[in-house]
Amino acid sequence: MCFKIQKRKEKRKRKKLERQCQLESNSDGNDRKRIRRHVVQSTLRLIIDCSFDDLMILKDIKKLHKQIQRCYAENRRALHPVQFYLTSHGGQLKKNMDENDKGWVNWKDIYIKPEHYSELIKKEDLIYLTSDSPNILKELDESKAYVIGGLVDHNHHKGLTYKQASDYGIDHAQLPLGNFVKMNSRKVLAVNHVFEIILEYLETRNWQEAFFTILPQRKGAVPTDKACESSSHDKQSARVEGGLDSDSSEEDYSRNELDSQHEGEKQDKENSTESTVNSITH
């Protein structure tokens, strides 16, 4: 477990150094091409479905906006950036972005569309990522378009993304978290965590490494082959799976993928996101 924590720290330190090198190079008058010459663009399309706007209060819209900013920033500096789409963009989310992040109109390497994803991508190419799906992904197909539900719902709309995928008749799946990780909580993650895990997998081609690099440390994730099962732990997990526990009102749930996340875990990251986005886009 200590090894995994150390690995996360080294990964974060390496990314920080890469960002510093990028800023130093830009300050010397060199353009981004020097920094990104080793970047190989992935053909995989990754979509954040923003069609749940009317199901969220403004507070949650703002949280979704922060998560989208994080996704944008991480994709811009990834070694294998994806074809990034925001679909059904409008309503409260667009208004909040217009008021608080006017620079979004200058974002690069992203397709921001008011249309629903089903109007933009062929049905046979779509795979909706949802923790309710019985299908487990073994690997990512870079010819496909993977959809992440842009919904911060505090578990109020359980099964909604799975239902939408079924209603539209498109394929659906969940990432193979249970094959590699033993968690203390439910298999739902914030939008940006799902996004970052996919970016990490495209770089390493290793699910376990991707999960342990991105998953919040306080969730107590351990490799499945080292997890200690206990009846009391199982009962606790079962209670959490059935609904929110006494502390979960403070957590951001996005029914996309994997694990629950506490808003406090990503506070530092979120505080730095806007400045990161601005430095990237200008």
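Taking the residues in region 186-214 that are farther than 22 Å from Phe52 by Cβ and either in a loop (DSSP other than H, G, I, E, B) or acidic (Asp, Glu) (or both) as candidates, determine which candidate is most open to solvent (accessible area, probe 1.4 Å). Don't jump to the end; show me each part of the working.
Here is the first cut: in region 186-214, the residues farther than 22 Å from Phe52 by Cβ are 199-214.
Within this subset, residues satisfying the condition of being either in a loop (DSSP other than H, G, I, E, B) or acidic (Asp, Glu) (or both) are 200, 203, 205-206, 209.
Working: Glu200: 3, Glu203: 61, Arg205: 121, Asn206: 63, Glu209: 53 Å².
Top of the filtered list is Arg205.
Among the residues of region 142-149, not a single one is among the β-branched types (Val, Ile, Thr) and in contact with a His (Cβ under 7 Å, 6 or more places away or on another chain).
Residues in region 36-55 that are within 14 Å of the chain's Cα centre (by Cα) and not in a loop (DSSP other than H, G, I, E, B): 5 in all. For region 140-168, which positions are modelled with pLDDT of 95 or more and of a type in the set (D, E, K, R)? Matches in region 140-168: Asp141, Glu142, Lys144. Scan region 160-185 residue by residue and report those that are over 19 Å from Leu120 (Cβ atoms) and part of a loop (DSSP other than H, G, I, E, B). Within region 160-185, Leu175, Pro176, Met183, Asn184, Ser185 meet the criteria. Within region 75-84, being open to solvent by 10 Å² or more (accessible area, probe 1.4 Å) and either out of contact with any helix residue (DSSP H, G or I) (no Cβ under 9 Å at 6 or more places or on another chain) or closer than 26 Å to His157 by Cβ (or both) holds for one residue alone: Gln83. Residues that are open to solvent by 90 Å² or more (accessible area, probe 1.4 Å) and either touching a Pro at 6+ places or on another chain (Cβ under 8 Å) or closer than 25 Å to Ser42 by Cβ (or both) within region 85-108 comprise Val105, Lys108, listed in sequence order.
Taking the criterion of being more than 15 Å from the chain's Cα centre (by Cα) and on the phi > 0 side of the Ramachandran plot, would at least one residue in region 99-106 satisfy it? There is no residue in region 99-106 that is more than 15 Å from the chain's Cα centre (by Cα) and on the phi > 0 side of the Ramachandran plot.
When you look at His157, is it in contact (Cβ under 8 Å) with a residue 24 or more places away in the chain, open to solvent by 20 Å² or more (accessible area, probe 1.4 Å) and part of a loop (DSSP other than H, G, I, E, B), yes or no?
Details: in contact (Cβ under 8 Å) with a residue 24 or more places away in the chain: yes; open to solvent by 20 Å² or more (accessible area, probe 1.4 Å): yes; part of a loop (DSSP other than H, G, I, E, B): yes.
Criteria met by His157.
The values are calculated or read from the model by the stated rules, or taken from the named source; none is laboratory data. If you're wondering where the values come from, they're calculated on a predicted model, not measured in any experiment. When we count neighbours, we look across all protein chains shown, and the Cβ atoms used for this are built from the backbone with ideal geometry, even at glycine. In case anyone asks, the SASA skips ligands and DNA or RNA and just uses the protein heavy atoms, side chains included. Shrake-Rupley method; radii C 1.70, N 1.55, O 1.52, S 1.80 Å.
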